[in-house]
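Since the structure comes first, as C-alpha cells, the remarks are kept for the end.
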Amino acid sequence: MVMPNVNPAAESQDAAVAIVSLYQKQQRIYPRAVNGWFVRWRWALVWATQALYYGLPWLEWNARQAVLFDLAARRFYIFGLVLYPQDFIYLTGLLVVSAYALFLFTAVAGRLWCGYACPQTVYTEIFMWVDRHVEGDRLARMRLDAAPWSLHKLGRKAAKHGVWIAIGLWTGFTLVGYFTPIRILWSEALTLGFGPWEWFWILFYGLATYGNAGWMREQVCKYMCPYARFQSAMFDKDTLIISYDSDRGEPRGSRGRKVAHRGQGLGDCIDCGLCVQVCPTGIDIRKGLQYECIGCAACVDVCNGVMDKMGYSRGLVRYATQNSMALALTARQMWARVLRPRVLVYTGVLLLICIALAASLVLRAPFKVDIVRDRAVLARQVEDGDVENSYRMQIMNATEQVQRYRVSLTAWPAARVVGRDEFEVGPAQARWVPLAVQIPPKEVARLGPGIHGLVFQVQRLPAADAGSVRVAEDSTFVIPR
C-alpha cells in the first residue's frame with residue numbers, strides 16, 4: 001500500500017489558521033440603574049408622554065371622544081375642531097413644525113428628542129424598569145442569564161415577558177382607540193370581538209413595542225433609526241453635547257478618596273467604568289462623541305455621583321460644546337455662542353410657521369363647499385327659451401350643531417337658482433344636494449355659445465347673525481350652440 005506524502009511544515013501551518021467570523025454576535029447590554037437630575041427629567045417626560053398617549057382617547061368633548069380619527073366617516077375630531085380630508089394641509093403644517101423643532105433642538109443641544117421623548121427611548125426606559133423590578137439590577141440580571149434553567153429562572157423570565165406583552169398589547173389597543181371609539185373598542189375587548197383590522201393593528205403595534213423596547217433596544221437607535229446617521233449635519237462646534245473633559249480627567253486611574261491624585265500625576269477620572277455601565281447603548285463617552293450616543297445624560301448623573309463621593313467638583317462629564325472645551329470658555333461665554341445666528345433663524349422660522357398655522361385654524365371657515373357640474377345631465381334649453389345647467393353641491397358642516405345654508409349666484413344678475421336654494425346639514429356632516437341654474441334668453445344672446453365662468457355663493461343662516469359666513473365657489477355654465 002502506498003502511503004500519501006505528508007508535509008509536516010504544511011500541516012503545522014494549517015493547524016495555525018484561525019477562523020474569524022464576519023458576523024459577531026451582539027453583546028447584550030445590561031444598563032445599571034442610576035439616580036440624578038437628568039434621570040428625573042427623563043422620567044418626568046415618560047410620565048407626561050404616556051399620560052397623554054394613554055389618557056387622551058378616554059377624554060370626552062361634546063358627548064363624543066375628544067380626539068378621534070374616524071377614517072370610515074372621513075372626520076377627524078380634535079377637541080373642538082372637526083377636520084375633513086380637505087384639511088390635509090394642517091397635517092403638512094404640523095410635520096413642518098415638527099421638522100423645524102427637531103432642527104432647532106438638535107442645533108442647540110444635540111439629540112434631546114432621542115434622549116428624553118422618542119417613543120423608542122420612552123418604552124425602553126419603561127421595559128428596563130420592569131427588568132429591574134422583576135429580575136433585579138445589573139449584576140442580578142447578569143447572574144440570572146448566566147445561570148442554568150430552573151423553576152426560579154423560568155418564573156422570573158415568564159413574569160417579565162408577561163408584563164412586557166401586556167404593556168405592548170395595551171399600547172396597541174390605545175393606538176387603535178384613536179381610530180375606533182375606545183369605549184366601543186373596550187366593550188369589544190371584553191368578548192374579543194375585534195374586527196380583522198383591529199386585530200391586525202393591536203397585535204402588530206403590540207408586537208412592535210414588545211420587540212423594539214424589549215429585545216432590540218439600542219439596536220434600533222444604532223442601526224435602524226436614520227436620525228443617528230444624519231444628525232452630524234445639524235451639529236457644529238457650538239452645539240451642546242455630552243462631553244468628557246479629558247484635560248481634567250486624564251490620565252485616569254483608581255485611587256482612594258484621601259489620595260492626593262494630582263501629586264501622583266492622575267486626573268479626576270477614577271476609571272470606575274460606571275459611565276459605561278449605565279449607558280443604554282453601551283458606549284464609553286470618554287472616547288469622545290459617537291453616533292450611538294442618544295444624549296440621555298445617564299453618564300452625567302452617575303459621574304456627578306462619583307465626583308461627590310470622591311470630593312471632586314462635578315462636571316467631569318457634562319453638557320458642553322466642542323469650542324467651550326477647546327477654548328476653556330466660561331458658562332456665560334459658552335451660552336452666548338450657543339445662541340448663534342443659525343439658532344435664531346431656526347427659532348424665527350419656527351415661530352412664524354406656528355403663528356401662521358394657528359391663525360389659519362382660527363380663521364378657517366366653519367363649512368366647506370364643493371360644486372361640480374352634473375356630467376350626466378347636458379346643458380339644455382327649457383321653456384321660455386331659458387338655458388339650464390345642472391350641478392351637484394356638497395356642503396361640509398365643520399361644526400357640531402345643525403346649520404342652514406342658502407345658495408345664490410353673483411356672476412350675472414339675471415341668473416337664478418331654480419327650485420330649492422336653502423339646505424340643512426347635520427352636525428359634522430357632509431351632504432350632496434342637486435342644483436339647477438337657469439339664465440334667460442337675453443342673457444344667453446349676450447354671452448353667446450360656449451363655456452362661461454359662474455360663481456356660487458353659499459351663506460350660513462341666519463344672514464343677520466354676526467357670525468354668518470359666506471363661501472364663494474367657482475364653476476362654469478355651458479350655453480349650447
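A viscosity of 0.890 mPa s and a temperature of 25 °C, combined with the Kirkwood radius over Cα pairs in Stokes-Einstein, give a translational diffusion coefficient for the stretch 367-479 of 167 µm²/s.
Under the shape rule built on the C-alpha gyration tensor, where the axes satisfy a ≥ b ≥ c, the stretch 84-167 is oblate, since a/c reaches at least 1.5 while a/b does not exceed b/c.
The modelled label-to-label distance for the pair GLN264/LEU151, using points 7 Å beyond Cα in the direction of Cβ, is 5.0 nm. Calculated FRET efficiency, SER468 to ASP271, Cβ-Cβ distance, R0 = 56 Å: about 0.15 to the nearest 0.05.
The overall shape of the stretch 209-304 is oblate: from the C-alpha gyration tensor, with semi-axes ordered a ≥ b ≥ c, the ratio a/c is 1.5 or greater and a/b is no larger than b/c. Between the residues GLN438, PHE69, GLN277, the greatest Cα displacement towards the positive end of the dipole of the chain, with unit charges on the Cβ of Lys, Arg, Asp and Glu, is found for GLN277. Ranked by how many other Cβ atoms sit within 10 Å of their own Cβ, fewest first, the residues MET325, MET396, MET142 fall in the order MET142, MET325, MET396.
A full extension of the chain between ALA73 and ILE184 corresponds to an added length of 38.4 nm, given 0.36 nm per residue minus the alpha carbon distance.
The magnitude of the dipole of the chain, with charges of +1 and -1 set on the Cβ of Lys/Arg and Asp/Glu and taken from the Cα centre, is near 1380 debye.
Measuring r between the beta carbons of ALA233 and ALA99 and using R0 = 22 Å, the FRET efficiency lands at 0.95.
Taking the DSSP beta bridges with both ends in the chain, the antiparallel portion is around 100 percent. Residue separation of ASP247 and LEU351 scaled by 0.36 nm, minus their Cα-Cα distance, works out to 33.5 nm of gained length. Pop the C-beta distance of ASN35 and ALA365 into the FRET formula with R0 = 41 Å and round what comes out to the nearest 0.05. Approximately 0.15, to the nearest 0.05. With neighbours defined as other Cβ atoms within 10 Å of a residue's Cβ, the residues TRP149, TRP37 order from fewest to most as TRP149, TRP37.
Once you reduce the stretch 350-393 and the stretch 406-427 to the center of their Cα atoms, the two points are 12 Å from each other. From its DSSP helices (H runs of at least four residues, each -39,500 (n - 2.57)), the chain gives a residue-normalised ellipticity at 222 nm of -12500 deg cm²/dmol. From least to most packed, judged by other beta carbons within 10 angstrom and beginning with the fewest, SER313, SER408 follow the order SER313, SER408.
Look at the alpha carbon pairs under 8 Å that are at least 6 residues apart: their mean separation over the length of the chain gives a relative contact order of 13 percent. Put +1 on the Cβ of every Lys and Arg and -1 on every Asp and Glu Cβ in the chain; which of LEU185, ILE167, SER313 then has its Cα farthest towards the positive end of the dipole? About the Cα centre, the residue reaching furthest to the positive side is SER313. Counting lysine pairs in the stretch 30-364 whose alpha carbons fall under 29 angstrom apart, excluding pairs fewer than 8 residues apart on the same chain, gives 8.
Report, in order of residue number, the helices in the chain meeting two criteria: a C-alpha extent of 30 Å or more along the helix axis, and a mean Kyte-Doolittle hydropathy of at least 0.0; treat each whole DSSP H run as one helix. Sorted by number, the helices that extend far enough and score high enough are 88-109, 151-177, 341-363. So for the stretch 233-276, taking the charge dipole from beta-carbon charges (+1 Lys/Arg, -1 Asp/Glu), which of LEU266, LEU240, GLY256 sits furthest toward the positive end? Of the listed residues, the answer is GLY256. For a modelled paramagnetic label at TRP61, 7 Å from Cα along Cα-to-Cβ, the residues of the stretch 415-438 in reach, with backbone nitrogen under 18 Å, are 427-429. Rounded to the nearest 20, the Cβ-based charge dipole of the stretch 367-479 about its Cα centre (Lys and Arg +1, Asp and Glu -1) stands at 120 debye.
Simple spin-label estimate for ASP384 and THR410 gives 2.6 nm between the two label positions (7 Å along the Cα-to-Cβ direction from each Cα).
Coordinate-derived values only; no laboratory data. As the structure is a computational prediction, the values presented were derived from the model and not from experiment. For neighbour counting, all protein chains shown are included, and Cβ atoms are generated from backbone atoms with ideal geometry for every residue, glycine included.
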